[in-house]
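First the structure, in the form of structure tokens, and then the observations on it.
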Amino acid sequence: MTIIFNKNHCWNIFSFLFLVWIYSSHLTFLYADNASSIEINNLTYKSFSVAFDIESSAKPQELSYLHDNIRKNLKWSGMYEINLNPNQADVTIGINYTPNDQIIATISSRWGSQFFEIKKPLKETDHTFQVFDKIINEIIFQLTGERSHLGNAIVFIEKGTYKGYKLVLIDPYGDGRRVLVDDGNLNILPRWKPDSTAILFTALGSSGSKIKQFNFKTKNIKTFLASRDKFSGGTWGPKDELIITISKKGNSDLYKINQEGKILQRLTHRSSTESNPRWSPDGERLVFISNRSGSIQIYQRDMKTGEEYRMSYEGGTNVEPSWSSNGAYIIFAGIRNGLYQIFLMDKDGTFTQQITNGGDSSEQPVWAPSGRHILFTSKVGYDYKLYIMNADGTNSRRVTQTGTGISEFNPAWTANFDWQK
């Protein structure tokens, strides 16, 4: 195992705890004065136990919000286990909250050493839960090195024994479930608008196919395009423009449209099939799949010059490319030995690394906004279920707890959702 520490990174409690609790037969440090990182090889470490010490006269729902969100984030990280006894835990999170006065949060060791303290004054006019969110975010960052998943949301398609395909919303822990669309149609391929206020999806029905938008503020569903032509998904651009797949006369091409549904530009003009577009976060590149070479592969288009080139070469089928939030990496699914596996490549396609290698197909990967995790689907019996794993393929676990007969697919993840709406 190799861990890279950037010398310029902000050191927090997680950094300290990580170094204190490492266990190894031997460590190899590679360091140079002019290097930007320290490389540590052959490293293993254990998880920590954490307990809570809460003093407050607050309402139960306020205490539950604080406790539950901190606990879920820590357990979800895979680095902490909850201990009910502060005297036995490696770390204790102390919270002293006086309504309309102040909230104090501390992080201490089992030996009583205080690592961290944060104070937030509270007034009657303050939005209490917004202050709570700041406290939670800071505690999670101090203990895990990343921000909490407050504001994160996942949409996906659910198919059961009922008629139609539902559009469903959950948080990364599988909680907060909301059914957004349940109209009996075959609804597929949801995509978040960049500001997380709406979702684009494709609806297939007896009257043809439609490109629709679900708006979270109004709860209305708007139809961008409706036609006897076949639509199969789209992607949002940086200026609220969209790129969608339209199938005419047997093959599909990519088109740019505006929010009024007007076609602005046809991007591809081929007899082959082009689909599954994903716009890069900076709007300069587009990845998509095409069978123009005789096999299904991933291609990239420069949105300024129109130049296109092939990115994937190994295997006869590589599909479902998805950008990381910083635009540096792309994950995708490819068939190897009869099963879909998940792969990582850089933005130019110069290197590719296989992430999964299990006995079941792993498909439809999308990045977590943090870049540390990957959301994907995998088969459980006869059904597909949602899973999350670390970006290196480790620590895979189920997201939902739905039973047999229900399949989940086409996931999409955002970090800026307002759960209060």
**Q.** The lone exception for residue 127 - which of (1) farther than 23 Å from residue 78 by Cα; (2) surrounded by 17 or more Cβ atoms within 10 Å (Cβ to Cβ) it fails
**A.** (2)
Q. List the pairs whose first member sits in the range 344-361 and is within 10 Å of residue 311 (Cα to Cα), whose second member is in a loop (DSSP other than H, G, I, E, B) and hydroxyl-bearing (Ser, Thr, Tyr), and whose Cβ atoms are under 8 Å apart, counting only residues at least 6 apart or on separate chains?
A. 345/312; 347/280; 349/312; 352/312
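If I go through the range 286-308 residue by residue, how many of them are more than 27 Å from the chain's Cα centre (by Cα) and either of a type outside the set (D, E, K, R) or part of a strand (DSSP E or B) (or both)? Before the answer, list the steps.
Looking only at the range 286-308, we keep the residues that are more than 27 Å from the chain's Cα centre (by Cα), and these are 291-295, 304-308.
Now restrict to residues that are either of a type outside the set (D, E, K, R) or part of a strand (DSSP E or B) (or both): 291, 293-295, 305-306, 308.
Count: 7.
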Q) Name the residues in the range 38-64 that are at pLDDT 90 or above and among the aromatic types (Phe, Trp, Tyr), would you? A) 52
Q: Working only within the range 203-248, note down all residues that are in contact with a strand residue (DSSP E or B) (Cβ under 9 Å, 6 or more places away or on another chain) and hydroxyl-bearing (Ser, Thr, Tyr).
A: 207, 209, 223, 227, 232, 235, 245, 247
Q: Return the pairs, sorted by first residue and then second, in which the second residue is among the basic types (Lys, Arg), the first residue lies in the range 262-279 and is part of a strand (DSSP E or B), the beta carbons are less than 6 Å apart, and the residues are 6+ apart or on different chains.
A: 264/256; 265/256
Q.
Out of 410, 395, I need the residue that is under 16 Å from residue 322 (Cβ atoms), of a type outside the set (A, V, I, L, M, F, W, C) and not assigned by TED's automatic domain parsing to the domain that holds residue 78. Which one?
A. 410
Q: Could you tell me whether residue 313 is outside any strand (DSSP E or B) and either on the phi < 0 side of the Ramachandran plot or among the aliphatic types (A, V, I, L, M) (or both)?
A: yes
Q: Please indicate, with yes or no, whether at least one residue in the range 134-141 is more than 25 Å from residue 391 (Cβ to Cβ), surrounded by fewer than 20 Cβ atoms within 10 Å (Cβ to Cβ), among the basic types (Lys, Arg) and under 30 Å from the mean Cα position of the chain (by Cα).
A: yes
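Among strands (runs of 3 or more DSSP E) lying entirely in the range 329-421, which contain 2 or more residues that are modelled with pLDDT of 95 or more, surrounded by 15 or more Cβ atoms within 10 Å (Cβ to Cβ) and touching a strand residue (DSSP E or B) at 6+ places or on another chain (Cβ under 9 Å)? Break it down into steps so the answer makes sense when it comes.
Working: elements: 329-336, 339-346, 352-354, 362-367, 373-380, 383-390, 407-414.
Correct list: 329-336, 339-346, 362-367, 373-380, 383-390, 407-414.
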Q: For residues that are among the hydrophobic types (A, V, I, L, M, F, W, C) and either in a loop (DSSP other than H, G, I, E, B) or over 25 Å from residue 120 (Cα atoms) (or both), tally how many sit in the range 47-81.
A: 4
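Let me confirm something: among 326, 276, which residue is in contact with a Pro (Cβ under 8 Å, 6 or more places away or on another chain) and exposed (fewer than 14 other Cβ atoms within 10 Å of the Cβ)?
Working: 276 fails: exposed (fewer than 14 other Cβ atoms within 10 Å of the Cβ).
That would be 326, the only listed residue that is in contact with a Pro (Cβ under 8 Å, 6 or more places away or on another chain) and exposed (fewer than 14 other Cβ atoms within 10 Å of the Cβ).
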Q.
Being within 30 Å of the chain's Cα centre (by Cα) and of a type in the set (Gly, Ala, Ser) is the filter here; which residues of the range 95-127 pass it?
A. 105
Q | residue 315 being surrounded by fewer than 21 Cβ atoms within 10 Å (Cβ to Cβ) and in the same structural domain as residue 354 (by TED's automatic domain parsing) | A | yes
Q.
Kindly evaluate residue 160 against the criterion of being over 20 Å from residue 369 (Cα atoms), small (Gly, Ala, Ser) and assigned by TED's automatic domain parsing to the domain that holds residue 367.
A. yes
Q: Among what's in the range 198-230 and is touching a residue at least 24 places away in the same chain (Cβ under 8 Å) and not in a strand (DSSP E or B), pick the residue that is surrounded by the fewest Cβ atoms within 10 Å (Cβ to Cβ).
A: 217
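Report, by residue number, each residue of the range 380-409 that is among the charged types (D, E, K, R) and farther than 20 Å from residue 187 by Cα.
If we filter the range 380-409 for residues that are among the charged types (D, E, K, R), which is where we start, we get 383, 385, 392, 397-398, 408.
Scanning the range 380-409 gives 392, 397, 398.
Residues are listed down the side, and each one gets a yes or a no for (1) over 23 Å from residue 193 (Cβ atoms); (2) touching a Leu at 6+ places or on another chain (Cβ under 7 Å); (3) hydrophobic (A, V, I, L, M, F, W, C):
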residue: 350; (1), (2), (3): yes, no, no
residue: 353; (1), (2), (3): yes, yes, no
residue: 364; (1), (2), (3): no, no, no
residue: 377; (1), (2), (3): no, yes, no
residue: 385; (1), (2), (3): yes, no, no
residue: 388; (1), (2), (3): no, yes, yes
residue: 403; (1), (2), (3): yes, no, no
residue: 406; (1), (2), (3): yes, no, yes
(Q) Cβ-Cβ distance below 6 Å, separation of 6 or more or different chains: which pairs start in the range 85-96 with a residue that is touching a residue at least 40 places away in the same chain (Cβ under 8 Å) and end on one that is among the acidic types (Asp, Glu) and surrounded by fewer than 16 Cβ atoms within 10 Å (Cβ to Cβ)? (A) 92/53; 94/53; 96/55
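The values are calculated or read from the model by the stated rules, or taken from the named source; none is laboratory data. Keep in mind it's a predicted model, so treat the numbers as computed, not measured. Cβ: placed from backbone, ideal geometry, glycine included. Neighbour counts: every protein chain shown.
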